[in-house]
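The values are calculated or read from the model by the stated rules, or taken from the named source; none is laboratory data. Only a predicted model underlies this, so the values are computations on that prediction, with no experimental measurement involved. The area values use the complete protein model at the heavy-atom level, side chains included, leaving out ligands, DNA and RNA. Shrake-Rupley method; radii C 1.70, N 1.55, O 1.52, S 1.80 Å.
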Amino acid sequence: MTHKKSYDVAVIGGGVVGSAITYHLSKAGVKTVLLEKGDICSGTSGTNPGFCVLMYREDQFLLNTALEQACKMPGLTDELGIDIEYVQTGGLIPLTDHAQLEVVGGMLETCKQWGLKDVSLVSPDRALQQEPHLDASKIIAAAYCPTEGRLNPFKLTLGFAHKARELGADILTHTQVTGFEVVNGEVKEVVTSYGSVKANLIILAAGAWTREIAKMAGVDIPVNYERGEAMASIPYSPLIRGMVTDGALFVKSANRPAMVVGACLTQTVSGNIIMAQATTDVHNYDCSSTYEGPVAVAQKVLFYFPKFKGLEIIRMWGGIVAYAQDRKPVFGLLWRPNNIFLVVGFHSAIGISPALGEIVRDFICKGYFPAELVSYSPGRFCSNSMALFLEK
């Protein structure tokens with residue numbers, strides 16, 4: 001960056017959410033710059049399996065948002081000029097015991113009350129129709145939603161970024177945020193590894209790096225992260241029809257194990273079978289792949305799909321996923337500096353990222369903010385010791 005430029009908005013984070021926000025702002029004529037310390041989709045979004053879930057959304061507003069977005073997903077291929085490989089595949093949650101049945105059954109009843117009518121508990125035989133290679137003798141029931149789907153997270157994220165650039169946004173990759181110039185409780189400039197950027201509003205959509213970057217502006221937001229591990233097979237003829245999420249992941253144990261393991265599977269358009277997840281607490285942004293994680297996932301997968309023994313694995317990876325201390329999303333303006341807008345901690349953000357971009361756009365361009373999202377404001381941390389303004 002050879003000279004200092006001024007923008008209406010600076011978006012920090014080149015994952016799917018930051019890229020979606022940049023796209024929608026640019027489409028609305030807002031002068032926007034996207035700052036990403038690596039490449040676009042090089043962080044958490046690039047490790048995502050691409051699940052567009054409905055059955056386990058956080059609340060009614062986000063479920064309805066995901067439902068509306070599911071109807072719009074097919075049109076994004078034409079809108080962005082790139083095939084995002086969206087397919088409405090159906091989603092299945094196999095249940096192996098009555099504890100899982102009770103928890104997931106209650107979750108489905110809540111979903112129906114919130115407006116997701118096309119969801120049900122099905123028998124093992126019906127689950128076998130959705131996933132013919134499932135060992136139905138291992139389950140007592142399954143949750144099924146025919147309208148869930150999957151997409152390619154790389155293509156969606158890159159599509160947003162490329163289209164935003166075509167619309168006039170500056171996309172600055174390998175540009176690390178190193179600080180902020182804060183004057184009278186407002187960010188005047190974002191300091192980066194290639195110089196400073198002036199912007200009236202800062203959108204902080206940096207995922208697991210949110211807390212570190214927010215501290216540069218003098219505020220500590222309790223956003224933490226954990227590592228999830230996954231792997232992919234060589235391409236095969238169709239073996240998995242939809243998305244499979246392990247019912248065991250919905251039942252909380254009294255003592256959280258050091259590694260939380262579940263069998264979550266889907267098959268891409270190109271035929272690769274994606275298998276996740278093994279989740280552990282890590283430090284120093286450790287997203288390395290371990291020996292134990294993929295092995296544990298493989299054992300879980302073989303429990304449900306014993307016919308998959310011998311699948312050839314070509315890639316394993318780890319990715320860090322952000323979550324707020326209270327496990328709710330963080331969405332809204334900081335109290336100080338008062339021109340930083342946080343967007344972090346949304347579960348399965350891939351499936352609702354276009355809608356999040358639209359909500360941010362409407363807030364900036366129209367001053368509209370959904371009342372249902374007020375409870376996600378970072379201001380909820382201001383009244384206690386979880387987030388304190390750091391005196392310099």
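Shape analysis of the range 133-209 based on the Cα gyration tensor places the equivalent ellipsoid semi-axes at 43, 18, 12 Å, largest first. A cut-off of 5 Å between modelled amide H atoms, ignoring neighbours fewer than 5 places along the same chain, links Val187 with Asn338, Asn339. Relative to the longest principal axis of the Cα atoms of the chain, the long axis of helix 153-166 makes an angle of roughly 30 degrees. The sum of -39500 (n - 2.57) across all DSSP H runs of n ≥ 4, divided by the residue count of the chain, sets its helix-only mean residue ellipticity at 222 nm to -8500 deg cm²/dmol. Computed from phi, the 3J(HN,Hα) profile of the range 300-312 under the Karplus parametrisation 6.51, -1.76, 1.60 (θ = phi - 60°) reads 5, 4, 5, 4, 7, 10, x, 5, 7, 4, x, 4, 8 Hz, with x in place of Gly and Pro. Residue-wise HN-Hα couplings along the range 95-103, as the Karplus relation 6.51 cos²θ - 1.76 cosθ + 1.60 with θ = phi - 60° gives them from phi, are 10, 9, 8, 6, 5, 5, 4, 5, 5 Hz; Gly and Pro carry x. The count of lysine pairs in the range 65-201 whose Cα atoms are under 30 Å apart, excluding pairs fewer than 8 places apart on the same chain, comes to 11.
Could you check how much of the accessible area of the range 188-270 is carbon and sulfur, as a whole percent, using a 1.4 Å probe? For the range 188-270, the apolar C and S fraction of the accessible surface comes to 56 percent.
Three principal axis extents describe the C-alpha atoms of the range 105-161; from largest down they are 44, 32, 14 Å. Residues considered: Gly367, Gly149, Gly14. Largest GNM mean-square fluctuation over the chain, using C-alpha springs under 10 Å, is found at Gly367. Heavy-atom accessible surface of Phe363, to the nearest 10 Å², is about 50 Å², with a 1.4 Å probe and all protein chains retained.
The HN-Hα couplings worked out from phi for the range 69-80 by the Karplus form 6.51 cos²θ - 1.76 cosθ + 1.60 (θ = phi - 60°) are 5, 4, 5, 8, 4, x, x, 5, 4, 6, 5, 8 Hz, whole numbers, x standing for Gly and Pro.
Counting only protein chain heavy atoms and rolling a 1.4 Å probe, the accessible areas of Arg241, Arg315 rank, largest first, as Arg241, Arg315.
Please report the relative contact order for the chain, taking Cα pairs under 8 Å with a sequence separation of at least 6, and give it as a percent rounded to a whole number.
RCO, the chain: 23 percent.
Given axes a ≥ b ≥ c from the Cα gyration tensor, I'd like to know whether the range 1-96 is rounded (a/c under 1.5), prolate (a/b larger than b/c) or oblate. The shape class here is prolate. Around the amide H of Ala217, modelled in the peptide plane, lies no amide H under 5 Å away from a residue 5 or more places distant or on another chain.
A 1.4 Å probe run over the chain, with the rest of the protein chains in place, finds 42 Å² accessible per residue. Note down the accessible area of Trp209, probe 1.4 Å, to the nearest 10 Å². The value for Trp209 is about 50 Å². Computed from the C-alpha gyration tensor, the three semi-axes of the ellipsoid equivalent to the range 207-318 are 30, 17, 13 Å, from longest to shortest. What's the percent breakdown of Cα-Cα distances in the range 56-196 across 10 Å bins, shortest bin first? Taking all Cα pairs of the range 56-196, the binned fractions are 10, 25, 23, 20, 14, 7, 0 percent. Of all DSSP-defined beta bridges confined to the chain, some 75% are antiparallel rather than parallel.
Counting only DSSP beta bridges whose two residues both lie in the range 1-158, roughly 75 percent are antiparallel.
Radius of gyration over Kirkwood radius for the chain, both on Cα atoms: the Rg/Rh ratio is 0.97.
Taking one equal scatterer on every alpha-carbon of the range 267-366, how large is log10 of I(q)/I(0) by Debye at q = 0.22, 0.23 1/Å? The Cα Debye sum returns log10 ratios of -1.23, -1.28.
Accessible surface of His347, taken over heavy atoms with a 1.4 Å probe and every protein chain present, rounds to 90 Å². With the largest listed first and rounded to whole Å, the semi-axes of the equivalent ellipsoid of the range 225-267 from the Cα gyration tensor are 26, 13, 7.
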